[in-house]
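Written below as structure tokens is the structure these notes are about.
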Amino acid sequence: MRSLGFALFLSIGAAGAGLAQLAPAGTGGVAALAATLRQLGSNKRVLMIGAHPDDEDTQLLVLLARGMGAQAAYLSLTRGEGGQNLIGPELGPELGIIRTEELLAARELDGARQFFTRAYDFGFSKSAEETFRFWPRDSILKDVLDVMRRFRPQVVIAVFSGTPADGHGHHQVSAILARQAFDLLRDSAGGPQKFYRSTRGDPTATTLSLPVGTLDPILGQSYFQVAMASRSRHRSQDMGQLQRPGPATAGVALLATKTPAAGETSVFAGIDTTIHVPGYAPLIDSALAALTPWRPSATLPYLIRALRLVGMADTVPRTLLERAIAIAAGVTIDGTADDGIVTPGERLQIEVTVWNAGDSAVRVDSVSVAAPAGWSLERLELGAPTVPPGTLLTRRFVLTVARDAERTQPYFLRRPLTNRGGLYDWSTAPPDVRGLPFEPPPVSARLRLIIGGEVVTLTREIVYRYRDQAIGEIRRPLFVTRDLDVAITPEELLWPVDGGSREPRHFTLTATNRARGSAKARVAVTVPSGWPPISAESLAFTREDETKTIGVNLAPPVADSLKAGTYELRAGNGGGWLEIIDYPHIRPRALSRPAVAQIRAARLALPALSHVGYVRGAADRVPEALLAVGVPLELIGPDSLARGDLSRYDAIVIGSRAYETEPALIANNGRLLEYARNGGLLIVQYQQYPFVDGGFAPFPLTIARPHDRVTDENAPVTALDPANPVFHYPNEIRPDDWRGWIQERGLYFAHSWDTTYVAVLETHDPGSPPEALKGGLLIAPLGRGAYVYTGLSFFRQLPAGVPGAYRLFMNLLGLKRRNVP
């Protein structure tokens, strides 16, 4: 169980509009005040730079922010869009939103801030040279310099070395640019003075060891323990860590400095961290000395005097000092709305409160509600300006959403990617928003209070609050959408132009009423030019957020056979829908999605199959992709794995990383192998180390560390066994079947394997040894059946509608009908 101090500390937040803004109103108490006072006592600023979410050295961040009272920040070049997802189906930009929020959740714990560049994670890169082809050096360097000029760090810490030893090209580039930016700014006024590298992965290079196993009396845990809790917030990346007690150290290597470095005992050694406001430092020291758990208000006189001294001095974060004054005075503000997903023209009831839990009266100078341009605000009451001790003041407003309000969309997704998909275009975003995790909340309360005779300005996001009968109070951010959301699935469909081209294909429209109360709507479907029309559907809704589904069948053109090419099917006049990404460990986020299905017509033959079983894996949308082209697929759940009749399946497919996400698969792996021995076909898509460590394959195979992978989606592919049925039935695999793949050829290839397996193809990145990567597709006889292990990234290719990947996968499903090795 966490200590009381640590639980209180969690509530204060440090990274903007994150989880703390969705917590019930409160000051954060003594723990929050103590943490704030630590940062007010000196001017210490450190910027850490890495490539991805979860690259950051959280041990250093916690020690710097919570232990040393530094203003710390992490600059991640990317949002991690190219990674895998262990907790849900999201990939690409949606995964980037999840991983951005996981960083913010981690920053809530370690106390640091968060920044980004425009770089889009295009997938694993084996060199800095390749990475710079997607990320123009000048563009990303400019973003790094902009963050440095905004944050003004005295110390810069690169997570990586900038050499091939870092492995990932993104890692190398993050360190190269960190050092280049440091060198460009080191001689400027207020520029960085020291450049370090984290030695987390290279302890022998350490020049300064820092104790992170120290117990913090306010938090009730060591900095290492808090760091591991912070790192565990990266749940989508399987980063859960043990919070071990006891001694621990973190290390850095000093690479460049403007100050003497001999015998340094701190990253701030030789740096003037004093706040040069006469009389300020003693007041903060006195406030710390006066702080007790039973009387935080004893710090208030010193903090009020400090506020009078600093004025607008840029070395003192005034908002931090005002927050400390509010905590010491026992004052907290809150703002709530009566709806969470709002629509143009909707009238919102807004309630703003000031709770004075202290022992002195507080005067309210002004209460305002900030909202986007075009939204109108009506004040319902004025009321008394004074809030006596122990009372709650409430102000109510009506806020009307603008008629032309756009759907909620993160600022970095409002324009298409540029530079071959390597850069976000955030040119339309305000300059002060660029590089932030997200834009500020759409609606917030801003209050000017008089505390101890001084003006203190406090802001708080306005959120939707409601009571859940089982859980209690629930708070949600405000999102904007249209009166009717319409989504279409599948969003990508491969349509065979061969024998099955005349068969209609089924699509599902999901319509949600976002308007308050009952509503009627007519949902139209726009088919490709020359295709048979689909009649519009009339819908009647009785309440807000009610959802209805419509099934439609799309037939191909009647004039002649379907031609290969790309087509679009649009629903609801293309109006689109609001996708809400929501997981328990992060703040909910929304993004706008078009109601469009992309149809790719291409040659594709299906083998004769009656039943295909599928065990879903991580971020696995392959089942839906196979169903859409007519594969008779059904998902196999835990009960069927344990007790079901597996013999009725022509083939069973295991989804990527399913051995990490489905415990029943591990428990019943023997049943699956027995199914294959009795004549079944078992196809296992890429798995990670738990698969090989657990010995789940029927014959020995290994995966290298780091694993073998082919990151160039255009890498050459050679058939090692050209006569193998996998290249011929029911589809002839041709050179053009390897064109149009996305992000990569594959990952977690087998590195070594028993001679029972037959490697049927070889692929390698340019410059890699061809003989090293033959483990991307292994086929082995198993009793009367067959076993397949493949590291080819079908989990990316099939949902994206890549024709060649479909044809090869159909051939894998057809192996039971042909002779296999």
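The values are calculated or read from the model by the stated rules, or taken from the named source; none is laboratory data. In this text, all values refer to a predicted model and were calculated from it rather than measured experimentally. All Cβ positions, glycine included, derive from the backbone under ideal geometry; neighbour counts span all protein chains shown. Accessible surface areas use protein heavy atoms only, side chains included; no ligands, DNA or RNA. Shrake-Rupley method; radii C 1.70, N 1.55, O 1.52, S 1.80 Å.
According to a simple spin-label model (label point 7 Å from Cα along Cα-to-Cβ), what is the distance in nm between T756 and S610?
The modelled label-to-label distance comes out at 2.7 nm.
Report, in whole Å, the centroid distance computed from the Cα atoms of the range 477-534 and the range 625-699.
33
When the convex hull of the Cα atoms of the range 226-375 is projected onto a plane and the area is averaged over all directions, what value comes out in nm²?
Directional mean of the projected Cα hull area for the range 226-375 stands at 16.7 nm².
Hey, what did the range 555-671 get for relative contact order, percent, Cα under 8 Å, at least 6 apart?
RCO, the range 555-671: 23 percent.
Given just the C-alpha atoms of the chain, how large is their convex hull per residue in cubic angstrom?
175
When we measure straight from the Cα of K520, which lysines land under 20 angstrom away, once same-chain ones fewer than 8 places off are left out?
Here the lysines satisfying the reach criterion relative to K520 are K548.
Hey, got the dipole for the chain? About the Cα centre, +1 on K and R Cβ, -1 on D and E Cβ, debye to the nearest 20?
Once rounded to the nearest 20, the dipole reads 1020 debye.
Enumerate the amide H contacts of L348 below 5 Å, restricted to partners 5 or more residues apart or on another chain; note that Pro and chain-start residues carry no placed amide H.
Excluding prolines and chain starts, which carry no amide H, the hits are L399, T400, V401.
Please report the orientation-averaged projected area of the range 103-172, defined via the convex hull of its C-alpha atoms, in nm².
Mean orientational projected area (the range 103-172, Cα hull): 5.5 nm².
At 1.4 Å probe size, with the rest of the protein present, what percent of the exposed accessible area of the chain is carbon and sulfur atoms?
The C+S portion of the solvent-accessible surface of the chain is 52 percent.
What does the convex hull of the alpha-carbon atoms of the range 33-178 project to on average, in nm²?
Its average projected convex-hull area is 8.7 nm².
With no solvent and one point per C-alpha, what does the Debye sum give as log10 I(q)/I(0) for the range 445-601 at q = 0.09, 0.18 Å⁻¹?
So the normalised log intensities are -0.46, -1.10.
What FRET efficiency would be calculated for the residue pair I450, L309, taking the C-beta separation as r and a Förster radius of 22 Å, to the nearest 0.05?
That gives a FRET efficiency of 0.75.
Taking a 1.4 Å probe, which of L646, L417 shows the most accessible area, and what order do the others take after it?
Result, largest first: L417, L646.
Which value in deg cm²/dmol, rounded to the nearest 500, describes the helix-derived mean residue ellipticity at 222 nm for the chain, given -39,500 (n - 2.57) per DSSP H run of n ≥ 4 and division by the residue count?
-6000 deg cm²/dmol
Rank-order 108-119, 538-549 by packing density, defined as the average count of other C-beta atoms within 10 Å over each peptide's residues, highest first.
My ranking of the peptides, most packed first, is 108-119, 538-549.
Relative contact order for the range 224-362: what percent, with Cα pairs under 8 Å and sequence separation of 6 or more?
13
When Lys and Arg each count +1 and Asp and Glu each count -1, what net charge do the other residues less than 12 Å away from V631, Cβ to Cβ, add up to?
Charge balance in the 12 Å sphere: -3.
With the contact rule set at Cα under 8 Å and sequence spacing of 6 or more, what percent relative contact order holds for the chain?
10
Ranking request for peptides 723-730, 809-816, 787-794: highest mean number of other beta-carbon atoms within 10 Å first, then the rest in descending order.
The peptides rank, most packed first, as 787-794, 809-816, 723-730.
Taking only protein heavy atoms into account and a 1.4 Å probe, give the accessible area per residue of the range 42-191 in Å².
Counting only protein heavy atoms, the per-residue value for the range 42-191 is 24 Å².
Where in the range 153-180 does the label zone of R186 land, with the point 7 angstrom along Cα→C-beta and an amide N cut-off under 12 Å?
From the range 153-180, the list is 156, 179-180.
Kindly flag which residue pairs out of K563/K816; K44/K126; K44/K194 have an alpha-carbon separation exceeding 24 Å in this structure.
From K563/K816; K44/K126; K44/K194, over 24 Å: K563/K816; K44/K126.
Could the peptides 650-656, 385-391 be put in order, highest first, of the mean number of other beta-carbon atoms found within 10 Å of their residues?
Highest-to-lowest ranking by the protection proxy: 650-656, 385-391.
For the range 256-347, what is the accessible area per residue in Å², given a 1.4 Å probe and the full set of protein chains?
Value returned for the range 256-347: 44 Å² of accessible area per residue.
Around P716, what is the net charge, scoring Lys/Arg as +1 and Asp/Glu as -1 over all other residues with Cβ under 10 Å from its Cβ?
After counting each charged neighbour, the total is -2.
With label points built 7 Å along Cα→Cβ from the Cα atoms of D202 and D338, find their separation and express it in nm.
Result: 6.2 nm between the two label points.
Which aspartates and glutamates does K774 reach when only Cα atoms under 19 Å apart count, and residues fewer than 8 places away in its own chain are ignored?
Within the straight-line limit of under 19 Å, K774 reaches these aspartates and glutamates: D708, D712, E713, D721, D737, E744, D754, E762, D765.
What aspartates and glutamates could a cross-link reach from K258, if we take a straight Cα to Cα line under 13 Å and drop same-chain neighbours fewer than 8 places away?
Those aspartates and glutamates meeting the cut-off are D183, D187, D272.
What nm distance separates the two modelled labels at A536 and E381, each placed 7 Å from Cα along Cα→Cβ?
So the label points at A536 and E381 sit 4.6 nm apart.
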